[in-house]
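Accompanying notes for the structure given below.
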Amino acid sequence: MTPDHAKPTTGAEVDCKAALESLFEFLDGELDGSLEERLKAHVHECRPCFERADFERRFLAAVQAARTEERCPKALRERVLSTLRAEGLGA
Amino acid sequence: MMTDAPGADTRPTAPPEFSAAAIAAMDDVYRFARSLTRDPSDAEDVVQDAYLRAFRSWHTFQPGTDIRRWLFTIARNVFLRSRERGQREVTLDDEQSAVADAAQAQEAWVRGGLDPILDRTDLGPAISAALAQLPESFRAVVVLVDLEDQPYEAAAEVLGIPVGTVRSRLFRGRKLLQHSLAQHARDAGLLPARPSGSPA
Ligand SMILES: [Zn+2]
């Protein structure tokens, strides 16, 4: 499962362009081991890429934290449960 | 919470595990349903119908796999079926893709606007509102991956699209979200009046 784009030649160092193109996949843990290692090495050595990665990481964390903003309404939960009970749930 | 699942009930349609695992995921399924349909009551119908189908086809769930992924897939199928009765699927918005690309082009502006506020704990409502305004094709992917923590491959399967499409929609969806949040931050005066001296 390797991404079929922006993939530097195996063993090659990752440059800024390649790093930015694969940044989200890197942060999402979607890169394969070798590319992930090379990207990590670049991000740690390159200040602009490091800052960009840091920004995107904080952005993704903020989005993840907003997850609790929206919950299943209580009335809907009750309705689903009563439907399922009629079907035999917990009967 | 169902804490009193009957251990003696062996009927295939009423598995005791259903109450624990599937019902605990109802917030997640609801959020996903909301990402598929703008209308809250349509989303509620999707959740209701999806749970009924899930309950009746519990035997198709493979133990040990992510139950949310299974439920998301059922919800998506329910949604598609309800849509066949209504309007056709809205085609992916070229206009929005252009906005996303523009947002990427305005990277410095967006980052400059968002950077000072990203760590605020009261940003949740603004993010939620911005998310609700995303075009649905982007929103579903962002919700699955960013809120529900699904791998790209799972999001692709749930939505019936290639992984490459997940990747590009995710990128654009996130950039759109950033753009709209940066806009919001400036409009709402969330940005500090002074350019420097923000608390660490
Ligand atoms: Zn770099």
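The values are calculated or read from the model by the stated rules, or taken from the named source; none is laboratory data. Everything numeric here is computed off the predicted structure, so don't read it as measured data. FYI the Cβ positions are ideal-geometry reconstructions off the backbone, even for glycines, and counts take in every protein chain you see. Note: areas computed on protein heavy atoms with side chains; ligands, DNA, RNA excluded. Shrake-Rupley method; radii C 1.70, N 1.55, O 1.52, S 1.80 Å.
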Could you name the aspartates and glutamates in cross-link range of A:Lys74, using Cα to Cα under 15 Å and dropping any fewer than eight places away on the same chain?
B:Asp27, B:Asp28, B:Glu44, B:Asp45
Taking a quarter of the surface of the Cα convex hull of segment B:100-197, what do you get in nm²?
6.6 nm²
Can you give the accessible area buried between chains A and B, summed over both chains, with a 1.4 Å probe, in Å² to the nearest 100?
4100 Å²
Under 18 Å Cα to Cα from A:Lys40, which aspartates and glutamates show up? Leave out anything in the same chain fewer than 8 places away.
A:Glu13, A:Asp15, A:Glu21, A:Glu25, A:Asp28, A:Glu30, A:Asp32, A:Glu51, A:Asp54, A:Glu56
By per-residue mean of other Cβ atoms within 10 Å, what is the highest-first order of B:166-178, A:42-54?
B:166-178, A:42-54
For peptide B:165-175, the mean count of other chain Cβ atoms within 10 Å per residue Cβ is 2
Size of electric dipole in segment B:92-187: Cβ of Lys, Arg +1 and of Asp, Glu -1, about Cα centre, debye, nearest 20:
180 debye
Given points 7 Å out from each Cα along the Cα-Cβ axis, report the B:Leu80 to B:Thr60 separation in nanometres with one decimal.
1.1 nm
Could you compute the FRET efficiency for A:Arg71 and B:Asp119, with r as their C-beta to C-beta distance and R0 at 30 Å, rounded to 0.05?
0.80
Cβ neighbours within 10 Å, averaged per peptide: list B:44-52, A:22-30, B:76-84 in order, most packed at the top.
B:44-52, A:22-30, B:76-84
